[in-house]
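What follows is a set of notes on a single structure, which appears directly below.
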Amino acid sequence: MIKATDILVNDDSRIPKYKQVVDSLISHIAKGNLPIGSKIPSINELSENLLLSRDTIEKAYSELKTKKIITAVKGKGFYVAKTDLISKINVFFLINKPSSYKMRIYNSFVNGLGVNGHVNLFIYHCDESLFTRAIERNLGAYDYYVIMPHFKNMNLGHVSATKNVLEVLKKIPQDQLIVLDNARLELNGNYGALYQDFENDIYNALKEALERLRKYDKLILVYPSKSVFPYPKRILYGFQKFCGEFNFDFEILDEIYDEMELQSKDVFITIEEMDLVNLVRQVRAKQLVLGEDIGIISYNETPLKELLGITVISTDFTAMGETAAYMVLRNKREKVKNVFSYIERNSV
């Protein structure tokens, strides 16, 4: 336990006195002088020792309680409740699913912050109640909130946001909010955003591949219409727009079925990994030549797809995380479309 005399305030500094009290206590916690459960000086003790008003000390303690660094026990005093790297930038990072793509964003964000920040990861599995509960429990406890909103309705269709989601997002100070991967939010204010334009991204990527696709007779999008983690329907709209504009025969399937009726000069666009695996397995079993008899384009880049020579259309997940970290470190609040690319290999 530290004494009231250990809290330092500089009368010549232009930093508000309550903020100096906050910073001094945080410094002691960060140095290990106050482990979790330690009692800190009372408001009266600090007020008398520092010759400051009770209102000033109460304001300092109120900020520490809001950040969940200290907790008040009625009749006993104030105690340290949190010690994990509180002297750094603290970030609440909320994603909808623990896929390899989302974890790539998270990892590049953490690497981008480096030693300057501490990030806590939360996952809500596209569930509205888990999403709102996670935010409400942590309001005021972090310096920044990096959030990826994707939800599902009763029919397992994709939903960008609901009324409850928007209401809880409005509780976060807009200058502390960075939204990832979703540009369809009815939010006002100066918050940051990094997003994919799902409809135009797939349209433009397929347009870039147009000459390659001309040698095929039919384009088939494998779009899971009902998934535990649903995909934006704007992917579907962009595909249909491309096929209509360039006069391609097309079909939309829910999945790659066993014993598919594969025909030469079909090109498949897969989204889920298992559909890609099942399709490649059947192509090989029927001794069809990938990139000549059958074409495959896969959504979202991975090292394995690069190794196998699979053509992909993909956003740059690493760039999304790095740019979000840059926004936090430089206190930027911009709305930026993330990079999306057509990466040509040997499968078309």
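The values are calculated or read from the model by the stated rules, or taken from the named source; none is laboratory data. Every value quoted in this text rests on a predicted model; they were computed, and no experiment measured them. All Cβ positions, even for glycine, are placed from backbone atoms using ideal geometry, and neighbour counts span all protein chains on display. Ligands, DNA and RNA are stripped out before the accessible areas are found, and what is left, the full protein with its side chains, is counted by its heavy atoms. Shrake-Rupley method; radii C 1.70, N 1.55, O 1.52, S 1.80 Å.
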Every pair of residues 6+ apart whose Cβ atoms lie under 8 Å, when the first sits in segment 25-36 and is touching a residue at least 60 places away in the same chain (Cβ under 8 Å) while the second is assigned to a loop (DSSP other than H, G, I, E, B) and loosely packed, with under 11 Cβ neighbours inside 10 Å: none
Conditions (1) more than 30 Å from VAL91 (Cα to Cα); (2) not in a loop (DSSP other than H, G, I, E, B); number of the one not met by THR318: (1)
Among the candidates THR56, THR5, residue that is open to solvent by 50 Å² or more (accessible area, probe 1.4 Å), of a type in the set (S, T, N, Q) and not in a loop (DSSP other than H, G, I, E, B): THR5
First in segment 110-126 and over 18 Å from ALA141 (Cα atoms) and assigned by the TED database to the domain that holds ILE178, second anywhere and outside any strand (DSSP E or B) and aromatic (Phe, Trp, Tyr), Cβ under 7 Å, 6 or more apart: GLY112/TYR326; TYR124/PHE131; CYS126/PHE229
Residue match in segment 233-254 (condition: under 30 Å from ASN107 (Cα atoms), open to solvent by 10 Å² or more (accessible area, probe 1.4 Å) and touching a residue at least 60 places away in the same chain (Cβ under 8 Å)): yes
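Does SER108 count as among the hydroxyl-bearing types (Ser, Thr, Tyr) and modelled with pLDDT of 95 or more?
Details: among the hydroxyl-bearing types (Ser, Thr, Tyr): yes; modelled with pLDDT of 95 or more: yes.
Taking the combined requirement at face value, the residue satisfies it.
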Positions within segment 176-202 being in contact with a helix residue (DSSP H, G or I) (Cβ under 6 Å, 6 or more places away or on another chain), without any contact (Cβ under 8 Å) to a residue 60 or more places away in the chain and crowded, with 22+ Cβ neighbours inside 10 Å, in sequence order: PHE198
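Which members of segment 118-137 meet the condition of being of a type outside the set (Ser, Thr, Tyr) and more than 16 Å from the chain's Cα centre (by Cα)?
Filtering segment 118-137 for residues of a type outside the set (Ser, Thr, Tyr) gives 118-123, 125-128, 130-131, 133-137.
Passing the criteria: ARG133, GLU136, ARG137.
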Test: residue in segment 140-147 that is under 14 Å from the mean Cα position of the chain (by Cα), within 21 Å of ALA324 (Cα to Cα), open to solvent by 10 Å² or more (accessible area, probe 1.4 Å) and not assigned by the TED database to the domain that holds GLU45: yes
